[in-house]
1. Looking only at helices (runs of 4 or more DSSP H) that fall completely inside the stretch 172-286, which ones have 1 or more residues that are open to solvent by less than 10 Å² (accessible area, probe 1.4 Å) and not aliphatic (A, V, I, L, M)?
2. Here is a list: 71, 32, 79. Which entry is polar (S, T, N, Q) and over 14 Å from the mean Cα position of the chain (by Cα)?
3. Just to be sure I understand, how many residues within the stretch 160-171 are open to solvent by 70 Å² or more (accessible area, probe 1.4 Å) and either free of Cβ contacts under 8 Å to residues at least 40 places away in the same chain or part of a loop (DSSP other than H, G, I, E, B) (or both)?
4. Report, by residue number, each residue of the stretch 111-159 that is part of a helix (DSSP H, G or I), among the polar types (S, T, N, Q), at pLDDT below 80 and out of contact with any Gly (no Cβ under 8 Å at 6 or more places or on another chain).
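The values are calculated or read from the model by the stated rules, or taken from the named source; none is laboratory data. Keep in mind it's a predicted model, so treat the numbers as computed, not measured. Reconstructed Cβ throughout: ideal geometry from the backbone, glycine too, with neighbour counts over all protein chains shown. Note: accessible area is taken over every heavy atom of the protein model, side chains too, but ligands, DNA and RNA are not part of it. Shrake-Rupley method; radii C 1.70, N 1.55, O 1.52, S 1.80 Å.
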Amino acid sequence: MIVDTVLGIAAEKLFYTQKTGKYARSTYAIDQTNAETLVFGSSHAHRHYVPEVLEKELQTSAYNVGAEGQQLLYHLGLQKMILKRVVPKTIILNIDEDFLFNSTFAYDRLHDLYPYYGDHKEVLRPIFAVNNRFVDIKMFFKSYLFNSTIVHMTRYYVSPQIDYKGYRPLNGTVSEKEIDNYENDIQQKSNVIDSNLVNALKEFILNAKSNNIKLIFVTSPKFIKGNYRKNRSFSLINEIATEHNIPLLDFFNDPRFSNNHDFFHDPSHLNDKGAKYFTKLLAKEILAL
């Protein structure tokens, strides 16, 4: 117990002194940002939404709280922690078409929120307990909360990860080889709707509504066109959005981006040029709501 406490205290101190990297960004979002507009979502949020463009076009303050590889349970936990301290005027949630499909990643990657458990147990415990019967035992050990962060923290100290109000640009353009490989690798890993993720999306919506926050769902552009309306997860997301009167701005098959090499870093992500153009187009759509 003594060793656990000592290691936990040391790791916690190191954790909260980080200046760059994903944990520094999430800590800033939870403890400091007062931005009027927040962007949530996976890497497609983190890499596609440029706060400086939103600020210029919408005359607002903005911060991108998107996190690579994260899904709805993470976004819900982050939202609830932020709302304990501050209430933004607008939340943009980038929608991935497979958001509601069963995925081990949705649960496994929640460890990125473990370090905040001590200060936010009341909002995080229900989320961690969704798929973890032993959450109380695991979270009892202070070193356990931080042991998955050590490698990342070390890396960020050695090589700082610069961002621009949470946004990290990608440079370069997609190659034909990357496109061919991406098309060959595309496969739907699951078509089973996860009720926990459905409930998480609905709770995310209700949290926004109960705080009088303008919530907007957005899909960001795809390099390869697809019939995403036939995707069971995306269809259900559309139904939920309609039921709760949430606008969904769909850029999936926008012809200004489809097959446009100049705007994509890889087949799944916009480069900086594409992200700035997309964010500007999105701002115009938001102003028209």
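1. Those helices (runs of 4 or more DSSP H) span 195-210, 232-243.
2. Being polar (S, T, N, Q) and over 14 Å from the mean Cα position of the chain (by Cα) holds for just one of 71, 32, 79, which is 32.
3. Looking only at the stretch 160-171, we keep the residues that are open to solvent by 70 Å² or more (accessible area, probe 1.4 Å), and these are 160, 162, 164-165, 171.
With either free of Cβ contacts under 8 Å to residues at least 40 places away in the same chain or part of a loop (DSSP other than H, G, I, E, B) (or both) added as a condition, the list becomes 160, 162, 165, 171.
Going through the stretch 160-171 one residue at a time, the tally reaches 4.
4. First, the residues of the stretch 111-159 that are part of a helix (DSSP H, G or I): 111-131, 135-140, 142-146, 150-158.
Next, only the ones that are among the polar types (S, T, N, Q) stay: 131, 143, 154.
From what's left, at pLDDT below 80: 143, 154.
154 - this is the single residue of the stretch 111-159 that is part of a helix (DSSP H, G or I), among the polar types (S, T, N, Q), at pLDDT below 80 and out of contact with any Gly (no Cβ under 8 Å at 6 or more places or on another chain).
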